[in-house]
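The values are calculated or read from the model by the stated rules, or taken from the named source; none is laboratory data. Here the structure is a predicted model, which means the values were calculated and not measured. Accessible surface is based on the protein model in full, side chains and every heavy atom, while ligands, DNA and RNA are left aside. Shrake-Rupley method; radii C 1.70, N 1.55, O 1.52, S 1.80 Å.
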Amino acid sequence: MRPSIRVATLLAGALLTAGLTTGCSPSGDDSKKPAAAGSSPEAPSGDVTGKSGKTPITIGDFGTYEAVDGASGARTRMSVTFKDLRAVQASEIKATKPPQHQYVVLTFTVKNTGDKDGAFHPQQLKWTDGESPERAVATTEKSGSGQNLDTTFHAGRSATGDVVLDIPGAGGTLRYYDGSGPVSLSFELPAD
């Protein structure tokens with residue numbers, strides 16, 4: 001091998017090795033490197049994916065869905081953590097009317113983990129016990145605590161608040177629909 005080719009080969013090999021050991025991206029922009037497992041700022045816990053609409057979220061868990069803007073078609077990732085559930089009397093929340101069945105207050109933390117605006121609309125929650133058909137259960141009643149969750153969240157924004165539902169019985173599954181598509185998230189309600 002000629003000396004000039006040998007030097008060029010050694011130089012190319014050294015540059016390649018240096019690039020691989022420093023971990024730099026080809027563009028020099030390391031901001032797009034994936035986050036280490038368990039340290040993602042997008043997820044409330046070490047589970048970076050959360051649960052989807054097919055696996056019910058239980059109290060303490062979170063799930064993610066893709067919010068789609070109906071007008072623009074823009075898509076972003078949303079995370080919802082199921083914080084708490086409690087049955088309440090109408091007088092406890094100063095309800096404007098008595099429930100048809102039983103008022104329950106669910107506490108959620110909603111976070112936009114994507115890079116575009118995304119919405120969460122509690123009136124899209126439907127309840128079923130697995131035997132009867134789904135029914136709309138969201139109310140306009142307020143619990144008097146927490147932030148408003150029925151809103152559009154800018155990228156990186158989050159809020160924790162309550163949603164008041166009027167459900168026919170203890171337990172069951174609550175399903176959230178983002179638009180007219182399939183189930184975006186489902187929540188398992190405890191039977192007791």
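The alpha carbon convex hull volume per residue for the stretch 139-192 rounds to 128 Å³. Once backbone amide H atoms are built at 1.01 Å from N, ALA74 has ASP69 as its partners under 5 Å, excluding neighbours fewer than 5 places away on the same chain.
By accessible area, using a 1.4 Å probe on protein heavy atoms only, the stretch 76-144 has 46% of its surface on carbon and sulfur. Evaluated on the stretch 49-192, the Kirkwood hydrodynamic radius is 15.3 Å, with distances taken between all distinct Cα atoms. If you sort the three axes of the alpha carbon gyration tensor as a ≥ b ≥ c, you get a/c of 1.5 or more for the stretch 50-100 and a/b no higher than b/c, which makes it oblate. The gain in end-to-end length when the ALA71 to ASN148 segment is fully stretched comes to 25.5 nm, 0.36 nm per residue minus the alpha carbon separation.
Under the criterion of Cα pairs below 8 Å and six or more residues apart, the relative contact order for the stretch 100-140 equals 26 percent.
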